[in-house]
1. Taking Leu235 as the residue in question, decide whether it is buried (at least 22 other Cβ atoms within 10 Å of the Cβ), within 23 Å of the chain's Cα centre (by Cα), within 14 Å of the ligand (Cβ to nearest atom) and under 22 Å from Tyr166 (Cα atoms).
2. Does Gln26 count as crowded, with 21+ Cβ neighbours inside 10 Å, at pLDDT 95 or above and outside any strand (DSSP E or B)?
3. Would it be correct to say that Glu276 is more than 16 Å from the ligand (Cβ to nearest atom), over 13 Å from the mean Cα position of the chain (by Cα) and crowded, with 24+ Cβ neighbours inside 10 Å?
4. Just to verify a result, which residue in the range 64-79, among those that are of a type in the set (S, T, N, Q) and touching a strand residue (DSSP E or B) at 6+ places or on another chain (Cβ under 8 Å), is farthest from the ligand (Cβ to nearest atom)?
5. Which residue pairs have Cβ atoms under 9 Å apart, sit 6 or more places apart or on different chains, and have a first residue in the range 339-354 that is closer than 15 Å to Ser236 by Cα and within 11 Å of the ligand (Cβ to nearest atom) and a second that is hydroxyl-bearing (Ser, Thr, Tyr) and part of a helix (DSSP H, G or I)?
6. Which one of these does Arg354 not meet: (1) in a helix (DSSP H, G or I); (2) crowded, with 23+ Cβ neighbours inside 10 Å?
7. Quick one: Gln60 ticks every box in (1) out of contact with any strand residue (DSSP E or B) (no Cβ under 8 Å at 6 or more places or on another chain); (2) over 19 Å from Val284 (Cβ atoms); (3) without any contact (Cβ under 8 Å) to a residue 24 or more places away in the chain except a single one, so which number is it?
Amino acid sequence: MSLAAVPTTTVDPFSPEVLADPLPFQERLREAGPVVYLTSHGVHAFGRHEQVHAALTNWQGLQSGAGVGLSNFRLEKPWRPPSLLLESDPPRHDAPRRVLSAVLGPRVLRSLRERWSADAEALVDEVLAGPDEFDAVPALAEAFPLRVFPDAVGLGPDGRENLLPYGNHLFNAFGPANALVEAGRPRAPELGARVAGQCAREALSGDGFGAAVWAAADRGEITPEQAPLVVRSLLSAGIDTTVHGLAAVLHAFATHPAQWRRLRERPQLARVAFDEAVRWQSPVQTFFRTATRDVEIGGTVIPDGGKVLMFLGAANRDPRRWADPDAFDLGRDPSGHVGFGMGLHQCVGQHVARLEAEALLTALAARVASIRQVGDGERQLNNTLRAWASIPVRVHRA
Ligand code: OVM
């Protein structure tokens, strides 16, 4: 183990300047060393693929149960009851994970494929019936997940407008208590209560993901107390992530016309295109872990109880791991990216996300000869998400 001092930086990665344009900071972080100490928050950070991967797969040494944001649940009260999946460790993590993994398994997704393809075709036809120029964020990236996912969970018609504001605050709350968190705080208790209400058995239809979670409780696979929190994970992790994942792939194609032509020639590339966009934009940029003991990563000892910050987005553009990392390229194999995490906690809904993306991209590719971004668009600043408020595009119908 090297005794060299750990490089430090005073830059705050959650400042508005870095959130608006995180790539220059992430490059400096990677080049500074395998581990960098952030004086702004008193945490060690990883920007290289090797150390981010090592941290994600070391659940024994780096726990999630003390929170995957900056806040240490050993010392501070969480703003909401902790997630049984995201913010928990084996063995308590495993039953909820098994249940949700089965609920979102291949058999269920096969049954959704046809319906979601038809839904995507209908949405794209509606959008194309309007002006050639439109904002792809509300029209497609938000509209499609909001059209299919709450129905698949089995939510009632009321209260769906709370899902995006809830998710936006949740993902901000993983970061430091900065202005983004302060802005969301007034509504947080109300949004938390409304979303919790939507997780009750009585609030859910009999045939969705939510009912399937409750059925697992009836079979004794999880307790009835756990069921609403497992449903809450669907509503927490399943909306903003897919909205900004779809925004990422739409932005990618709208700025890479040759790649769009390639997708049109081979629509089977839709799935790899989505993963490549998740690598390239990394809609979920960062998560923290907490050291359960003194643990060595990249030649540095993280002290027991110390928080570490994993830059998924930086790892996904690490030139040590990827050739030409800044290129959005349907010809590369993006597998091994950490945009869905890695290891024990790797995104349990990733197949749902891919199915949504495949349905939407396939419908678009069949109907849209060209899609070009007109103007820079507008980012939506968030402490965790690399998000879009607006992506203006012009399309030509096929
Ligand atoms: C959860 C949860 C919330 C946000 C994100 C996430 C990316 C999970 O409540 O389980 O995974």
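The values are calculated or read from the model by the stated rules, or taken from the named source; none is laboratory data. Remember, it's a predicted structure, so these values are computed and weren't measured experimentally. Neighbour counts are summed over all protein chains in view; Cβ atoms, including those assigned to glycine, are modelled from backbone coordinates with ideal geometry.
1. Working: buried (at least 22 other Cβ atoms within 10 Å of the Cβ): yes; within 23 Å of the chain's Cα centre (by Cα): yes; within 14 Å of the ligand (Cβ to nearest atom): yes; under 22 Å from Tyr166 (Cα atoms): yes.
Spelling it out, Leu235 is indeed buried (at least 22 other Cβ atoms within 10 Å of the Cβ), within 23 Å of the chain's Cα centre (by Cα), within 14 Å of the ligand (Cβ to nearest atom) and under 22 Å from Tyr166 (Cα atoms).
2. Values: crowded, with 21+ Cβ neighbours inside 10 Å: yes; at pLDDT 95 or above: yes; outside any strand (DSSP E or B): yes.
Yes; evaluated as a whole, the condition is true for this residue.
3. Numbers: more than 16 Å from the ligand (Cβ to nearest atom): yes; over 13 Å from the mean Cα position of the chain (by Cα): yes; crowded, with 24+ Cβ neighbours inside 10 Å: yes.
So Glu276 passes the test.
4. Filtering the range 64-79 for residues of a type in the set (S, T, N, Q) gives 64, 71-72.
After this cut, where a residue has to be touching a strand residue (DSSP E or B) at 6+ places or on another chain (Cβ under 8 Å) as well, the list is 64, 72.
On the way: Ser64: 10, Asn72: 18 Å.
The extreme case among them is Asn72.
5. Hits for this filter: Cys347/Thr241; Val348/Ser101; Val348/Ser233; Gly349/Ser233; Gly349/Thr241; Gly349/Thr242; Ala353/Thr241; Ala353/Thr242.
6. Of everything listed in (1) in a helix (DSSP H, G or I); (2) crowded, with 23+ Cβ neighbours inside 10 Å, Arg354 misses just condition (2).
7. Of the numbered conditions (1) out of contact with any strand residue (DSSP E or B) (no Cβ under 8 Å at 6 or more places or on another chain); (2) over 19 Å from Val284 (Cβ atoms); (3) without any contact (Cβ under 8 Å) to a residue 24 or more places away in the chain, the odd one out for Gln60 is (3).
Residues are listed down the side, and each one gets a yes or a no for (1) of a type in the set (A, V, I, L, M, F, W, C); (2) surrounded by fewer than 20 Cβ atoms within 10 Å (Cβ to Cβ); (3) within 13 Å of the ligand (Cβ to nearest atom):
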{"position": "Gln226", "(1), (2), (3)": "no, yes, yes"}
{"position": "Thr255", "(1), (2), (3)": "no, yes, no"}
{"position": "Gln268", "(1), (2), (3)": "no, yes, no"}
{"position": "Phe287", "(1), (2), (3)": "yes, no, yes"}
{"position": "Thr290", "(1), (2), (3)": "no, no, no"}
{"position": "Glu296", "(1), (2), (3)": "no, yes, no"}
